[in-house]
Every structure is written in structure tokens, then in C-alpha cells.
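Asker: Below is the structure I would like to discuss, written out as C-alpha cells.
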Amino acid sequence: MEGKVHIFEHPLIQHKLGMMRDKTTGTKEFRELLDEISMLMVYEVTRDLPTEEADVETPLGPTKIQVLAGMPIGIIPILRAGLGMVNGIQSLIPNSKVGHIGLYRDPETLQPVEYYCKLPADAQNRYLFVLDPMLATGGSASAAIDFIKQRGCTNISLVSVIAAPEGIERMRKDHPDVNIYVAAQDEKLNEHGYIIPGLGDAGDRLFGTK
Ligand code: PRP
Ligand code: URA
């Protein structure tokens, strides 16, 4: 099925994203904001999950309820910055399993280099949400999804915070079946592959490494 690009316009998400962009926002607050935005995104990202009818007894009698049906969920952060989105999502989907893909972008070639991959054993039978706050050239997300597909997985969505038009285009070309969820589409990439205006280096701001 053809995937779609969803851009969140919710005021709370936009307000928090604005604070993340501010260069004076420190590591603690940046981490908290990413956590909160990720939690708010779950509502929309899970909108199309199937439900089925079940029976329950309220204190006043029997009724029908809707419960989640179909496959369980797996979340796959791309290391490092994707780690900052895991808690927010797991706080609303506590039974999700977590896989990890370690990739870094070579600063010269901008090509992704894989250094780690560990997915849930039953990843093929889960709805998978790949997490990375930044979709810049799209090389990292595209490579991560290649690895996941090579392991037989098919129901994949990408959840990011800021995307460059180049990253979205790359994903549409390489993985047209994958839904993309972002809080903002920014203007462009600079000559070093950074998103403009963006928020800088997400991994460094999240972990305080610069
Ligand atoms: C950043 C970011 C993405 C990638 C995006 O990671 O978290 O994974 O760059 O760029 P792309 O779309 O051009 O591939 P980075 O390589 O800096 O690694 P880090 O998360 O370990 O800091
Ligand atoms: N990775 C980041 O962390 N920020 C960017 O702007 C581009 C890639």
C-alpha cells in the first residue's frame, strides 16, 4: 500500500518544537521536550490501528468495548538520537518491544554507516515504528528501513520530528510504502547536510556531547 506523509500541526507540538529549536535550550529541557513531542505524536501515529469488539461488565451491567486487535507494536530507534523518542512512545504503548539500529552519518560522505542491529525476534509480525528526530538527506532512515525489510518486515512507519524536503523525497523514492510522520518540514539542507533552520545536531543536544 502507498504510504503517506503526515505533518503535525497541533499547537502543543508546534510550541514544544519551537522551544527545541531555540539554541539556548539546554540538554535537560531538550530531552524533556523530545519526550513530550514523541508522546503527543503517538495519538496520530496509531490512529489507523485496528480494533475489535469485546465484552466487559461495568459495575452496572454488560457492554461492548473496543480493544486493540491485530499485530502488536515494535519501536526501533536509530541510535543515537532516536533513543530520545522511546520513553514518550512507550509511556502510551507500554507493551511495545524495542529494537535498535546503530547508524552514524559519515561527516565527509554523508553516507550512513551501520554499527549495530538488534530487532525483536518476532519483528516480522509487528507494526514497526522507526524513530529518528531528524530526517535530513534521508540516508540514515532509508538504510535503517532497508535493514529492517531485509529481515522480512513489511508494516513500517517512520516517525521523525523535523524533515528536510530532500529527506522526504528520498524516502518516497526508496520506500514508497512507508508512512512518514513529522512535526515540521523545514526549508532545505545546508552544504554539510544540516537541516535549515532545523535545531542543530539532535544527538549532541540530547546527550550533551558538544
Ligand atoms: C543524525 C540524525 C539522523 C541522521 C540524519 O544522526 O539523528 O540519524 O543524522 O541525517 P540523514 O537523514 O542525512 O542520514 P548522526 O549521524 O549525527 O548520529 P548520532 O545520532 O549518533 O549523533
Ligand atoms: N542530523 C542532525 O542531528 N541534524 C541535522 O540537521 C541533520 C542531521
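Asker: Which residue is nearest to ligand 1 (Cβ to nearest atom), if the candidates are limited to the stretch 165-192 and must be over 18 Å from Gly3 (Cβ atoms) and touching a strand residue (DSSP E or B) at 6+ places or on another chain (Cβ under 7 Å)? Can you show your working first?
Answerer: Going residue by residue through the stretch 165-192, those that are over 18 Å from Gly3 (Cβ atoms) are 184, 186-192.
Checking the rest, the ones that are also touching a strand residue (DSSP E or B) at 6+ places or on another chain (Cβ under 7 Å) come to 184, 186-190.
Numbers: Ala184: 15, Asp186: 12, Glu187: 15, Lys188: 13, Leu189: 8, Asn190: 12 Å.
Of everything passing the filter in the stretch 165-192, Leu189 is nearest to ligand 1 (Cβ to nearest atom).
Asker: Tell me whether the stretch 150-169 contains one or more residues that are buried (at least 24 other Cβ atoms within 10 Å of the Cβ), modelled with pLDDT of 95 or more and more than 14 Å from ligand 2 (Cβ to nearest atom).
Answerer: The first filter runs over the stretch 150-169 and keeps only residues buried (at least 24 other Cβ atoms within 10 Å of the Cβ), leaving 158-161, 163-164, 167.
The next check asks that each one be modelled with pLDDT of 95 or more; those that pass are 158-161, 163-164, 167.
Narrowing the set further to residues that are more than 14 Å from ligand 2 (Cβ to nearest atom) leaves 158-159.
Within the stretch 150-169, one or more residues are buried (at least 24 other Cβ atoms within 10 Å of the Cβ), modelled with pLDDT of 95 or more and more than 14 Å from ligand 2 (Cβ to nearest atom).
Asker: State all residues of the stretch 201-210 that are under 19 Å from Ile13 (Cβ atoms) and either within 9 Å of ligand 1 (Cβ to nearest atom) or not in a helix (DSSP H, G or I) (or both); if no residue qualifies, say none. Step through it out loud before you land on a result.
Answerer: Of the stretch 201-210, the ones under 19 Å from Ile13 (Cβ atoms) are 202, 205-206.
Residues satisfying the conditions are Ala202, Leu206.
Asker: Restrict the check to the stretch 48-61 and report whether at least one residue is assigned to a helix (DSSP H, G or I) and within 21 Å of Cys153 (Cβ to Cβ).
Answerer: Checked against the condition, which is being assigned to a helix (DSSP H, G or I) and within 21 Å of Cys153 (Cβ to Cβ), the stretch 48-61 yields no hits at all.
Asker: I'm checking my understanding of the structure. Among residues of the stretch 1-31 that are assigned to a helix (DSSP H, G or I), out of contact with any helix residue (DSSP H, G or I) (no Cβ under 9 Å at 6 or more places or on another chain) and free of Cβ contacts under 8 Å to residues at least 12 places away in the same chain, which one is farthest from Leu83 (Cα to Cα)? So that I can check it myself, show each step before the final result.
Answerer: Of the residues in the stretch 1-31, the ones assigned to a helix (DSSP H, G or I) are 11-21, 27-31.
Subset that is out of contact with any helix residue (DSSP H, G or I) (no Cβ under 9 Å at 6 or more places or on another chain): 11, 14-15, 18, 21, 28.
Next cut, free of Cβ contacts under 8 Å to residues at least 12 places away in the same chain only: 11, 15, 18, 28.
Numbers: Pro11: 24, His15: 22, Gly18: 20, Lys28: 14 Å.
Going through the qualifying residues, I end up with Pro11.
Asker: Suppose we filter the stretch 90-116 for residues that are surrounded by 13 or more Cβ atoms within 10 Å (Cβ to Cβ), within 16 Å of ligand 1 (Cβ to nearest atom) and either of a type in the set (Asp, Glu) or closer than 26 Å to Glu32 by Cα (or both); how many remain?
Answerer: Of the residues in the stretch 90-116, 8 are surrounded by 13 or more Cβ atoms within 10 Å (Cβ to Cβ), within 16 Å of ligand 1 (Cβ to nearest atom) and either of a type in the set (Asp, Glu) or closer than 26 Å to Glu32 by Cα (or both).
Asker: Given the conditions (1) of a type in the set (Gly, Ala, Ser); (2) within 12 Å of ligand 2 (Cβ to nearest atom); (3) out of contact with any Pro (no Cβ under 8 Å at 6 or more places or on another chain), report the number of the one that Gly208 does not fulfil.
Answerer: Unmet for Gly208, out of (1) of a type in the set (Gly, Ala, Ser); (2) within 12 Å of ligand 2 (Cβ to nearest atom); (3) out of contact with any Pro (no Cβ under 8 Å at 6 or more places or on another chain): (2).
Asker: May I ask you to list the residues in the stretch 159-210 that are over 13 Å from Leu135 (Cα atoms), charged (D, E, K, R) and over 16 Å from the mean Cα position of the chain (by Cα)?
Answerer: Hits for the stretch 159-210 are Lys173, Asp174, Glu191, Asp204, Arg205, Lys210.
Asker: Could you tell me whether the stretch 132-143 includes any residue that is of a type outside the set (Gly, Ala, Ser), in a loop (DSSP other than H, G, I, E, B), closer than 27 Å to Asp35 by Cβ and in contact with a Lys or Arg (Cβ under 8 Å, 6 or more places away or on another chain)?
Answerer: Residues of the stretch 132-143 of a type outside the set (Gly, Ala, Ser): 132-135, 137.
Restricting the remaining residues to those that are in a loop (DSSP other than H, G, I, E, B) gives 132-133, 137.
After this cut, where a residue has to be closer than 27 Å to Asp35 by Cβ as well, the list is 132-133, 137.
Next, only the ones that are in contact with a Lys or Arg (Cβ under 8 Å, 6 or more places away or on another chain) stay: 137.
Yes, the stretch 132-143 contains a residue that is of a type outside the set (Gly, Ala, Ser), in a loop (DSSP other than H, G, I, E, B), closer than 27 Å to Asp35 by Cβ and in contact with a Lys or Arg (Cβ under 8 Å, 6 or more places away or on another chain).
Asker: Here's something else I'd like to know. Somewhere in the stretch 132-146, is a residue closer than 14 Å to Lys4 by Cα and either surrounded by fewer than 24 Cβ atoms within 10 Å (Cβ to Cβ) or among the aliphatic types (A, V, I, L, M) (or both)? Explain how you work it out, then say what you get.
Answerer: Restricting attention to the stretch 132-146, the residues satisfying the condition of being closer than 14 Å to Lys4 by Cα are none.
So far as the stretch 132-146 goes, no, none of its residues is closer than 14 Å to Lys4 by Cα and either surrounded by fewer than 24 Cβ atoms within 10 Å (Cβ to Cβ) or among the aliphatic types (A, V, I, L, M) (or both).
The values are calculated or read from the model by the stated rules, or taken from the named source; none is laboratory data. Since the model is a prediction, treat every value here as computed from it, not as a measurement. In this analysis, Cβ positions are derived from the backbone assuming ideal geometry, glycine residues included, and neighbour counts consider all displayed protein chains.
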